[in-house]
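Participant: Please see the structure below; I have some questions.
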Amino acid sequence: MSVPMLQLALDNKSLKDALATTRILAKEVDVIEAGTILCCAEGMQAVRCLKSLYPERIVLADIKAADAGSILASMVYDNGADWMTVICCAPIATVKTALAEAKARTEKDGKERDVQVELTGSWTWEEAAAWKEAGIRQVVYHRGRDAQAAGQGWGAEDLEKIEKLCSMGFDLSITGGLVVEDLPFFKAFPIKVFIAGRSIRDAKDPVAAAREFKKACAAHWK
């Protein structure tokens, strides 16, 4: 299996704070995420700035689109995003129009864009099959911030869902308060990306924390 990539989640309330983090960590990660909170606070300026400063990194606009798929996809791609998210409760038409925009941009200039479906909240296997049929390759398996705060941990139900999603052919990103000690829990699966935010950003030594994630990924996925 390929070694998973590491994604830095920037759920800061200001671009200034986000950039203070990327100055330290951009070289240590593979994907830089303009998080939902940052996009709400700073808009497309955040996406545009991150891609301008770090063109060699994948930049994800985590906007969790629920409607207007083509319009929102155009906005994020016009501002340099490589990937964007659509929320799992969005109509399939939204998924399809966002993905169509991503494919059109890729065909036009050869730079790959993609759409991820964010599995936050309730969703069904019938919906997952529809996403796959529409051409979605990536899904984000998400333990929500509020669920974490309520003490919800990773468990057997998560493994069952992850196994089925992998068997359907999806590339998985895993997120939700991840710490490096969580990674062996997922080692049986071909995870594409691990997403970490506070556990790296707020560490006493953020660079060392990011390198520990990368070291663990290399150790468990060979």
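The values are calculated or read from the model by the stated rules, or taken from the named source; none is laboratory data. If you're wondering where the values come from, they're calculated on a predicted model, not measured in any experiment. Please note: Cβ atoms are built from the backbone with ideal geometry, for glycine as well, and neighbour counts cover all protein chains shown.
Participant: Would you pick out the residues in the stretch 198-212 that are of a type outside the set (A, V, I, L, M, F, W, C), more than 17 Å from GLY176 (Cβ to Cβ) and surrounded by 13 or more Cβ atoms within 10 Å (Cβ to Cβ)? Can you show your working first?
Facilitator: As a first pass, look at the stretch 198-212 and keep what is of a type outside the set (A, V, I, L, M, F, W, C): 198-199, 201-202, 204-206, 211-212.
If we keep only those that are more than 17 Å from GLY176 (Cβ to Cβ) too, we end up with 204-206, 211-212.
Matches in the stretch 198-212: PRO206, ARG211, GLU212.
Participant: Of ALA129, ALA46, ALA34, ALA81, which residue is free of Cβ contacts under 8 Å to residues at least 40 places away in the same chain, of a type in the set (Gly, Ala, Ser) and out of contact with any Cys (no Cβ under 8 Å at 6 or more places or on another chain)? Before the answer, list the steps.
Facilitator: Numbers: ALA46 fails: out of contact with any Cys (no Cβ under 8 Å at 6 or more places or on another chain); ALA34 fails: free of Cβ contacts under 8 Å to residues at least 40 places away in the same chain; ALA81 fails: free of Cβ contacts under 8 Å to residues at least 40 places away in the same chain.
Answer to the selection: ALA129.
Participant: Moving on. Can you list residue pairs whose Cβ atoms sit under 6 Å apart, with the first residue in the stretch 161-181 being closer than 20 Å to GLY35 by Cβ and the second being modelled with pLDDT under 95 and not in a helix (DSSP H, G or I)? Count only pairs 6 or more apart in sequence or on different chains.
Facilitator: THR175/HIS142; GLY176/HIS142; GLY176/ARG143
Participant: Can you pull out the residues in the stretch 131-151 that are modelled with pLDDT of 95 or more, basic (Lys, Arg) and closer than 19 Å to PHE186 by Cβ? Break it down into steps so the answer makes sense when it comes.
Facilitator: At the first step, the residues of the stretch 131-151 found to be modelled with pLDDT of 95 or more are 131-141.
Checking the rest, the ones that are also basic (Lys, Arg) come to 132, 137.
Answer for the stretch 131-151, where residues must be modelled with pLDDT of 95 or more, basic (Lys, Arg) and closer than 19 Å to PHE186 by Cβ: just ARG137.
Participant: A further question on this structure: Note down all Cβ pairs under 8 Å where the first residue falls in the stretch 96-111 and is under 21 Å from TRP131 (Cα atoms), the second is among the aromatic types (Phe, Trp, Tyr), and they're at least six residues apart or on different chains.
Facilitator: GLU101/TYR77; ALA102/TYR77; ARG105/TYR77
Participant: Within the stretch 117-130, is there a residue that is buried (at least 21 other Cβ atoms within 10 Å of the Cβ), within 19 Å of the chain's Cα centre (by Cα), modelled with pLDDT under 95 and closer than 28 Å to LEU15 by Cβ?
Facilitator: Keep residues of the stretch 117-130 that are buried (at least 21 other Cβ atoms within 10 Å of the Cβ), which gives 117-120.
If we keep only those that are within 19 Å of the chain's Cα centre (by Cα) too, we end up with 117-120.
Remaining after also requiring modelled with pLDDT under 95: 120.
From the residues that got through so far, the ones that are closer than 28 Å to LEU15 by Cβ too are 120.
The answer is yes; a qualifying residue exists.
Participant: Next up: Which residues, taken from the stretch 74-95, are within 14 Å of the chain's Cα centre (by Cα) and over 16 Å from VAL59 (Cβ atoms)?
Facilitator: As a first pass, look at the stretch 74-95 and keep what is within 14 Å of the chain's Cα centre (by Cα): 81-88.
Within the stretch 74-95, VAL86, ILE87, CYS88 meet the criteria.
Participant: Name every residue in the stretch 2-35 that is under 15 Å from ALA209 (Cα atoms) and assigned to a loop (DSSP other than H, G, I, E, B), in order of residue number.
Facilitator: VAL29, ASP30
Participant: Give all pairs with beta carbons closer than 6 Å in which a residue from the stretch 197-222 that is farther than 13 Å from ALA26 by Cα and touching a residue at least 60 places away in the same chain (Cβ under 8 Å) meets a residue that is part of a loop (DSSP other than H, G, I, E, B) and among the hydrophobic types (A, V, I, L, M, F, W, C); count only pairs at least 6 apart in sequence or on separate chains.
Facilitator: Going by the 6 Å Cβ cut-off, the qualifying pairs are CYS217/VAL3; ALA218/VAL3; TRP221/MET1; TRP221/VAL3.
Participant: Among the residues of the stretch 96-116, what is the count of those that are β-branched (Val, Ile, Thr) and under 16 Å from the mean Cα position of the chain (by Cα)?
Facilitator: Here is the first cut: in the stretch 96-116, the residues β-branched (Val, Ile, Thr) are 97, 106, 115.
Subset that is under 16 Å from the mean Cα position of the chain (by Cα): 115.
Residues that pass the stated criteria total 1.
Participant: Test ALA73 against the criterion of being assigned to a loop (DSSP other than H, G, I, E, B) and buried (at least 24 other Cβ atoms within 10 Å of the Cβ), and give yes or no. Break it down stepwise before answering.
Facilitator: Numbers: assigned to a loop (DSSP other than H, G, I, E, B): no; buried (at least 24 other Cβ atoms within 10 Å of the Cβ): yes.
Against the criterion (assigned to a loop (DSSP other than H, G, I, E, B) and buried (at least 24 other Cβ atoms within 10 Å of the Cβ)), ALA73 does not qualify.
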